Amino acid sequence: MTSCNTILLNGNLPESIQEAAKILNNKGLVAFPTETVYGLGANALDEEAAAKIYEAKGRPSDNPLIVHIADIDAVYTLASEVPENAVLLMEAFWPGPLTIILPKVGIVPDGTTGGLDTIAIRMPSHPVALELIRESGLYIAAPSANSSGRPSPTLASHVMEDMDGRIEAVIDGGAVGIGIESTIVDLTGDIPTILRPGFITKSMLEAIVGEVAIDPALVEPDPNLRPKAPGMKYTHYAPKGQLTIVEGHNGVAEKINSLAQEKASQGYTVAVITTRENASAYDCPYVLVAGERSHGETIAANLYAVLRQCDDLGCDYIYSEAFGDSELGGAIMNRLLKAAGHRVINV
Ligand code: AMP
Ligand code: MG
């Protein structure tokens, strides 16, 4: 891995976007804000450039990249077939946090799609992302800009923690809005199928295209089921300490307090992840508030930052409430369960 001096660019300045576009056109890597999480961008049609993403992230080579575009016409350049459902979903949700899977054309290198004959495409709504795609004149392959296995970055400083010295530049656009990765929908079969839940929920999709399925591998962790999105099979988003989710209608805080006190008495550093509504129920030095239970989007926006904070605090054990009260809660729990390696206690 070649090391370089990573520059931090101010996302409010047009010169920053020009500089970043130049780097991308010279086969370099630039991290940039999107409305979901920060992305790590490279020229999607240049196999050599895309390969650098895998190297910088330590990403398994079978885990394909999402290609970011700024203009719907690009879909017809990158995909060999664009079904009616794709047109309807693009019109309804783009620019925005929805990725669609379509059959790819030959100009898209295998290095970008992990050897698959399909391509993942998204038009982000973040103005910096859109300007960068337009200014570069490229299609930009961009997975989340974290080291593989760490929580996705929702601030430029998170990207720097993981990528300093490994990539040419980071564009600082402040905190992202949504905080969890895009919803992925496979449109290559008869029924649109969710491969990764996100801010765009199943019922939002169904309102546009009718019946929508969910990849069965997402519903129950089953070693015999292979997720259709290769990335969904990896342990992801994990903090360094051991995270346990405590779930139930009554007695959650009592259980967490007793587990936390037991570990603290053994000399371990312990944190609790909770909501604004419940924070006062905990008796632990580190009580981390992810957001408001009554506003699930605040939890989505803060979840990864809170998981990173657990690392900054040097936590050995972390106990979290569950946040699955809404449809968006399902997408949040998908990430939290993976971060916890599916370690759940029911009370
Ligand atoms: P990331 O951008 O890091 O959040 O990861 C992109 C996600 O999209 C991973 O889970 C990939 O496995 C998934 N993905 C990308 N391309 C495809 C594709 N052609 N088919 C299925 N899943 C894909
Ligand atoms: Mg990722």
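Which residues, counting only those in the stretch 64-80, are more than 12 Å from Y139 (Cα to Cα) and either of a type in the set (G, A, S) or at pLDDT below 95 (or both)?
Listed by number, the residues that qualify are A79, S80.
May I ask you to verify whether G165 is surrounded by 24 or more Cβ atoms within 10 Å (Cβ to Cβ) and in a loop (DSSP other than H, G, I, E, B)?
So G165 fails the test.
Output the number of residues of the stretch 176-235 satisfying the condition of being in contact with a Pro (Cβ under 7 Å, 6 or more places away or on another chain), part of a loop (DSSP other than H, G, I, E, B), away from ligand 2 (no atom under 16 Å from the Cβ) and closer than 22 Å to E297 by Cβ.
2
Any residue that is more than 16 Å from ligand 1 (Cβ to nearest atom) and surrounded by fewer than 16 Cβ atoms within 10 Å (Cβ to Cβ) - is there at least one of those in the stretch 226-239?
no
With the condition kept exactly as written, say whether any residue in the stretch 37-47 is within 14 Å of ligand 1 (Cβ to nearest atom), of a type outside the set (F, W, Y) and in a helix (DSSP H, G or I).
No, because not a single residue in the stretch 37-47 is within 14 Å of ligand 1 (Cβ to nearest atom), of a type outside the set (F, W, Y) and in a helix (DSSP H, G or I).
Looking only at the stretch 139-153, decide whether some residue is among the β-branched types (V, I, T), within 16 Å of ligand 1 (Cβ to nearest atom) and farther than 30 Å from D316 by Cβ.
yes
Which of the residues belonging to the stretch 176-206 are in contact with a helix residue (DSSP H, G or I) (Cβ under 8 Å, 6 or more places away or on another chain) and surrounded by fewer than 15 Cβ atoms within 10 Å (Cβ to Cβ)?
S203
Please name all residue pairs, on different chains or six or more residues apart, with Cβ atoms under 6 Å, provided the first residue is in the stretch 168-186 and is in contact (Cβ under 8 Å) with a residue 40 or more places away in the chain and the second residue is of a type in the set (F, W, Y).
Listed pairs, sorted by first residue: I171/F32; I178/F199.
For the stretch 53-78: of the residues being closer than 11 Å to T112 by Cα and not in a loop (DSSP other than H, G, I, E, B), which is nearest to the chain's Cα centre (by Cα)?
I66
From the list L288, L218, which residue is of a type outside the set (G, A, S) and touching a Ser or Thr at 6+ places or on another chain (Cβ under 8 Å)?
Going through L288, L218 in turn, the sole match is L288.
Kindly indicate the residue of the stretch 119-140 that is more than 20 Å from the chain's Cα centre (by Cα) and within 20 Å of K104 (Cα to Cα) and also surrounded by the most Cβ atoms within 10 Å (Cβ to Cβ) among those meeting that condition.
Only one residue fits best here, namely L138.
Specify the residue that is surrounded by the fewest Cβ atoms within 10 Å (Cβ to Cβ); the eligible residues are those in the stretch 94-109 that are touching a residue at least 60 places away in the same chain (Cβ under 8 Å) and more than 17 Å from the chain's Cα centre (by Cα).
Ranking the candidates gives I107 first.
Answer yes if at least one residue in the stretch 268-277 is away from ligand 1 (no atom under 16 Å from the Cβ), in contact with a Leu (Cβ under 8 Å, 6 or more places away or on another chain) and among the polar types (S, T, N, Q), and no otherwise.
Among the residues of the stretch 268-277, at least one is away from ligand 1 (no atom under 16 Å from the Cβ), in contact with a Leu (Cβ under 8 Å, 6 or more places away or on another chain) and among the polar types (S, T, N, Q), which makes the answer yes.
Just one of A129, A156, A79, A92 is in contact with a Phe, Trp or Tyr (Cβ under 9 Å, 6 or more places away or on another chain) and more than 28 Å from L243 (Cα to Cα); which is it?
Testing whether each residue is in contact with a Phe, Trp or Tyr (Cβ under 9 Å, 6 or more places away or on another chain) and more than 28 Å from L243 (Cα to Cα) leaves just A129.
Could you please find all residues in the stretch 108-137 being in a loop (DSSP other than H, G, I, E, B) and closer than 24 Å to D164 by Cβ?
Scanning the stretch 108-137 gives P124, H126.
If I go through the stretch 143-162 residue by residue, how many of them are in a loop (DSSP other than H, G, I, E, B) and within 11 Å of ligand 2 (Cβ to nearest atom)?
Count: 10.
Consider the stretch 112-123. How many of its residues are in contact with a strand residue (DSSP E or B) (Cβ under 9 Å, 6 or more places away or on another chain) and away from ligand 2 (no atom under 16 Å from the Cβ)?
So the count comes out to 6.
The values are calculated or read from the model by the stated rules, or taken from the named source; none is laboratory data. Since this is a predicted model, take the numbers as computed values, not measurements. Quick reminder, even Gly has a Cβ in these numbers, built from the backbone with ideal geometry, and neighbours come from all protein chains shown.
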